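Visitor: My questions will all concern the structure given below.
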Amino acid sequence: MADLPLYNAHADRSLWLFENPAWRSNAVEKLGLALVAVAIVASVVALASDLGRQSPVLFALLVFGGFGIGATVFALGGLSRPAGVRNEGTVFSSNQARGAVGWTVGVVLTGLYVVLYFWPGALSGLIPLGDPLSQFLRDQPATLENGGQWFLYSTFYTLAVAAMGVRAAVRYRHSRYHLIRTASVVFFQTVLAFALPYLLVRLQQPELYLHYTWPLDYDLFFPWKVEELRQSGRLGVAMLLWGGVLIALATPVLTYFFGKRWYCSWVCGCGGLAETAGDPYRHLSDPSLAAWKVERWMVHGVLAAIVAGTALLWVAAVADVGWLDGGAGTFSWLYGLLIGSVFAGVVGVGFYPIFGSRVWCRFGCPMAAILGLQQRFFSRFRITTNGGQCISCGNCTAYCEMGIDVRWYAQRGQNVVRASCVGCGICATVCPRGVLKLENGPRENRVGDRQLLTDLDVLPGALAE
Amino acid sequence: MHIVIVGNGIAGVTAARVVRKRRPDWRITLVSEEHPEHLARTAWMYVYMGHLTLEQTRPYAPDFWERNRIERLHDRAESLDADRQRLALRSGRTLTYGRLLVATGSVPAFYGWPGQDLAGVQGLYHLQDLERMERETAGIERAAVVGGGLIGVELAEMLRTRGVAVTYLVREGRYFAHAMPERESRLIEEEIRRHGVDLRLQTEPEAFLGSGRVEGVRTTAGDTIPAEWVGLGTGVRPNVGWLEGSGIETARGVLVDHHLRTSAANVWAAGDCAEHREPLPGRAPVEALWYTGRIQGATAGYALADEARPYVPGVFYNSAKFFDLEWQVVGSIAPESDPGRNEALAEDRTRTGARLVRLQGDAESGRLLGIHALGARLRHEVCAEWIVSRRSLDDCLRDLPRAGFDPEFSRAMPTPTLA
């Protein structure tokens, strides 16, 4: 057989995880996967024994190093393939097409979230692994008593965004839009969502998340939280004001000019994870009309709940009526449990390999709901459809992480203006005919009511006598 | 009124949509033997390569047909009795129509090579071809592809994604020679080779070798290439064999006038299978393109719905993707140098590949005739509008950024200057 440079130059068929005719790992990717395997073994050992507590530094290196460096090395292995749309084998992949691997990943992730939220004690073997980094960043140990499980979780989360961010950057390196956008989400996660808040803790200040506000940070404006922040000094008050400015001023203004993408696929931590660690699962979002109907009821329902609930809490706080206090308390407990923990965490991330990477953003996030309403009705953003170039292949619809049936618009010659679109830009990237372009343009004719397929008057000169 | 449409490709389905929109209460029946659903055959390659499932190539949701009251028959039209307006189906059923649209597309064209009927030698057009290719290429290591057009390069790409070694035979001295200038051909050849394809120009098959199953190709260059599978991308011809004896006039395809009317009363033809008696200036008599199929389908739809308007497809356009290199054309670009044309050309190379932008104008009037882009995206409506409104090449060059459609943050298109 001729010695030709294959897509996978050092290909063999030994990666048992992927019985996939179009994807075979190369040596670099195998090395990365081996390091990840080391991290998994070390995690299990630490969970099941006392060894992690005895040698936290060693185990921290094995676990965080194994996951972080392993995933990064794996990602860099992708450089051996030509830059371009490399979705080969996605629908044959056990991991990416709801095969055995995908289900296993989903069940394990879901299980980990359930344990994290409801039985954090079960993680006591792993929590000390966060100790060295916690001492360095927060100047305090990582224990169950001081929320060490959350420190551990943040560390894993940030590692996932950073390492899988490298994967996203390698994968989409032919597009500067994706390179810059990926750098942005990695920056916001590592600096604003991880390093800065914990350094503030070290300085005895409240944990401050500059890019995060009500209603996503759902209790930021709850009466007791407001009181707590006011008590904690100037930074606490500044944080409240900043939260107010962010939702009342920055959000509508930035969404008017750029669409909700300025937040959802450039800044937000949930979006950041979806765009990086969730990227392999983006095509699993359901694009059916039925799913869209459910989405609209759910996401706006959650928004209505948090708006009404926050108002209720304030009425209760001011009115000082016994039964109102009870109702308010029940609301905040229930919202925290159902939306804050189960939906955003367990379902939102745990179900990546089953329902795609944006389950929370699409069906549950009240911030996305607000941004979506602004995007749909007051924004300059749209995805422009390029005349009659669509060939109805379906790549755009398949790879839309929000389950938007992009093709439905493209094949009519109509621009895509949808509340849920997070502006990730993948539809435009995977389109093999250059049909789609994310644009911030004048609002006139933004939607357009052209129907290419049935009217055909869209194209200059077509059917005109 | 009962409208019967044979063929549920882009032409047939577009016609059905137009009729339904104009005539809410007419009966519409779509007959297809290929698949009960309308599928985007432009996406076959993505199914083979694992980008998409077959279901994802359905342009319309499954409930579309019922909602639009379009009846579907998964059956084959065997023959047509134009006098009695009846269609005989393979199932034995007979369909009586008020008006009929023939939109039966193409079949791959072979050229009588010895061994072309061996197992493992095939074209790629129908879903059944895709299924066969999936079966026949399982586990193979070497394949050959024939034909310097769009299907040939798709076949090569499909095979490469499964690690198959591909020898690609192109008859002409350069790739896609009849459709584009030499520089574009060379850039695409470079892209094909970059992806590990053994591209051989000026080489044709002489015979396919093997007994029962193909084992190799003997070429006109005198080489014998081992190949466990051979893909023929040597073009298509109209699928009109089934109309023999119907009395409808055919040549290569079903002969039609400007309204896509055939020689028989109440019968129209659209898409790949239609042949224009008097083709429009600059247009081929048989246009086997997805885009023209759609426009012809709509034109036929208007006629079927009693609102006939002539076939005026507007400014020509086409597009393709050669491995990772995108191509678009709007208007006309002469493949060979033409003293009647002025030209502006720019080429550069980014980190991820070559880019080329070419504009041609009429030497006498100076007006823009066509725009070509490789590795850069064009804004279709702007380009077409410039051509229709007879803007001068100079003007367009000055305004060229308006014609760009690359994603945000992309490097600006290379700027062509007049040669």
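The values are calculated or read from the model by the stated rules, or taken from the named source; none is laboratory data. Just so you know, these numbers come straight off a predicted model, no measurement behind them. Cβ atoms come from the backbone with ideal geometry, glycine included; neighbour counts cover every protein chain shown. All accessible areas refer to the heavy atoms of the entire protein, side chains included, with ligands and DNA or RNA removed. Shrake-Rupley method; radii C 1.70, N 1.55, O 1.52, S 1.80 Å.
Visitor: Looking at (1) away from every other protein chain (no Cβ under 11 Å); (2) open to solvent by 40 Å² or more (accessible area, probe 1.4 Å); (3) not basic (Lys, Arg), can you tell me which one B:PHE316 breaks?
Guide: (1)
Visitor: Now for a different question. Do we have A:ALA195 as within 23 Å of A:ALA60 (Cα to Cα), of a type in the set (Gly, Ala, Ser) and surrounded by fewer than 21 Cβ atoms within 10 Å (Cβ to Cβ) here?
Guide: yes
Visitor: While we're here: For region A:71-84, name all the residues that are within 21 Å of the chain's Cα centre (by Cα) and either assigned to a loop (DSSP other than H, G, I, E, B) or surrounded by 21 or more Cβ atoms within 10 Å (Cβ to Cβ) (or both).
Guide: A:ALA71, A:PHE74, A:ALA75
Visitor: Continuing with this model, one more query. Condition first: open to solvent by 60 Å² or more (accessible area, probe 1.4 Å) and within 15 Å of A:GLY348 (Cβ to Cβ). Can you find one or more residues in region A:287-300 that meet it?
Guide: yes
Visitor: Out of all the residues in region A:87-103, which are over 21 Å from the mean Cα position of the chain (by Cα), open to solvent by 30 Å² or more (accessible area, probe 1.4 Å) and within 12 Å of another protein chain (Cβ to nearest Cβ)?
Guide: A:VAL91, A:PHE92
Table: residues versus (1) within 30 Å of B:ALA16 (Cα to Cα); (2) aromatic (Phe, Trp, Tyr); (3) at pLDDT 95 or above.
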residue	(1), (2), (3)
B:ARG309	yes, no, no
B:PHE323	no, yes, yes
B:ARG341	no, no, yes
B:ALA344	no, no, yes
B:GLU347	no, no, yes
B:THR350	no, no, no
B:ARG355	no, no, yes
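Visitor: Out of region A:420-442, which residues are farther than 16 Å from A:GLY387 by Cβ, within 9 Å of chain B (Cβ to nearest Cβ) and part of a loop (DSSP other than H, G, I, E, B)?
Guide: A:GLY425
Visitor: Take the conditions within 14 Å of chain A (Cβ to nearest Cβ) and open to solvent by 20 Å² or more (accessible area, probe 1.4 Å) and apply them to B:PRO36. Does it pass?
Guide: Spelling it out, it is not the case that B:PRO36 is within 14 Å of chain A (Cβ to nearest Cβ) and open to solvent by 20 Å² or more (accessible area, probe 1.4 Å).
Visitor: Let me ask something else about it. Within region B:343-355, does at least one residue satisfy the condition of being hydrophobic (A, V, I, L, M, F, W, C), closer than 18 Å to B:GLU191 by Cβ and either part of a helix (DSSP H, G or I) or at the interface with chain A (Cβ under 10 Å from one of its Cβ atoms) (or both)?
Guide: Within region B:343-355, none of the residues are hydrophobic (A, V, I, L, M, F, W, C), closer than 18 Å to B:GLU191 by Cβ and either part of a helix (DSSP H, G or I) or at the interface with chain A (Cβ under 10 Å from one of its Cβ atoms) (or both).
Visitor: In the set B:GLU184, B:GLU172, which member is modelled with pLDDT of 95 or more, away from chain A (no Cβ under 14 Å) and surrounded by fewer than 18 Cβ atoms within 10 Å (Cβ to Cβ)?
Guide: Selected residue: B:GLU172, the only one of B:GLU184, B:GLU172 that is modelled with pLDDT of 95 or more, away from chain A (no Cβ under 14 Å) and surrounded by fewer than 18 Cβ atoms within 10 Å (Cβ to Cβ).
Visitor: Being more than 14 Å from chain B (Cβ to nearest Cβ) and open to solvent by 10 Å² or more (accessible area, probe 1.4 Å) is the filter here, so list the residues in region A:369-402 that pass it.
Guide: Within region A:369-402, A:ILE370, A:LEU373, A:GLN374, A:ARG376, A:PHE377, A:PHE378 qualify.
Visitor: Go over the candidates B:GLY245, B:GLY222 one by one and state the one that is touching a residue at least 40 places away in the same chain (Cβ under 8 Å) and either surrounded by fewer than 17 Cβ atoms within 10 Å (Cβ to Cβ) or within 15 Å of the chain's Cα centre (by Cα) (or both).
Guide: From the options B:GLY245, B:GLY222, the qualifying one is B:GLY245.
Visitor: For region B:320-330, how many residues are closer than 17 Å to B:LEU369 by Cα and either in a loop (DSSP other than H, G, I, E, B) or within 7 Å of chain A (Cβ to nearest Cβ) (or both)?
Guide: 1
Visitor: Anything in region A:350-363 that is part of a loop (DSSP other than H, G, I, E, B) and surrounded by 24 or more Cβ atoms within 10 Å (Cβ to Cβ)? List them, or say none.
Guide: A:SER357, A:ARG358
Visitor: Out of B:GLY139, B:GLY115, which single residue is within 14 Å of chain A (Cβ to nearest Cβ), of a type outside the set (Val, Ile, Thr), on the phi > 0 side of the Ramachandran plot and not in a helix (DSSP H, G or I)?
Guide: B:GLY139
Visitor: Quick check on my filter: what residues within region B:402-412 are among the hydrophobic types (A, V, I, L, M, F, W, C) and either surrounded by fewer than 16 Cβ atoms within 10 Å (Cβ to Cβ) or more than 17 Å from B:GLU326 (Cα to Cα) (or both)?
Guide: Within region B:402-412, B:PHE409, B:ALA412 qualify.
Visitor: Still on this structure, please answer the following. Could you tell me whether region B:283-300 includes any residue that is basic (Lys, Arg) and closer than 18 Å to B:GLY235 by Cβ?
Guide: yes
Listed here are the residues, each with its yes/no results for (1) within 10 Å of chain A (Cβ to nearest Cβ); (2) surrounded by fewer than 16 Cβ atoms within 10 Å (Cβ to Cβ); (3) within 28 Å of A:GLY413 (Cα to Cα).
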site	(1), (2), (3)
B:VAL357	no, no, yes
B:ALA363	no, yes, no
B:LEU374	no, no, yes
B:SER389	yes, yes, yes
B:LEU400	no, no, yes
B:PRO414	no, no, yes
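Visitor: Might you check whether a residue that is in contact (Cβ under 8 Å) with a residue 60 or more places away in the chain, open to solvent by 10 Å² or more (accessible area, probe 1.4 Å) and outside any loop (DSSP other than H, G, I, E, B) occurs anywhere in region B:294-311?
Guide: The answer is no; no qualifying residue exists.
Here is a yes/no grid of residues against (1) closer than 26 Å to B:THR292 by Cα; (2) open to solvent by less than 50 Å² (accessible area, probe 1.4 Å); (3) at pLDDT 95 or above:
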residue	(1), (2), (3)
B:VAL18	yes, yes, no
B:LYS21	yes, no, no
B:ASP25	no, no, yes
B:THR29	yes, yes, yes
B:PRO62	yes, no, no
B:ARG69	yes, no, yes
B:LEU73	yes, yes, yes
B:ALA77	yes, yes, yes
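Visitor: Return the residue satisfying two criteria in turn: it lies in region A:405-419 and is open to solvent by 10 Å² or more (accessible area, probe 1.4 Å) and within 23 Å of the chain's Cα centre (by Cα), and of such residues it is farthest from the other protein chains (Cβ to nearest Cβ).
Guide: Taking the candidates together, the pick is A:ALA419.
Visitor: Does A:VAL114 satisfy being touching a residue at least 40 places away in the same chain (Cβ under 8 Å) and closer than 18 Å to A:THR276 by Cα?
Guide: The answer is no for A:VAL114.
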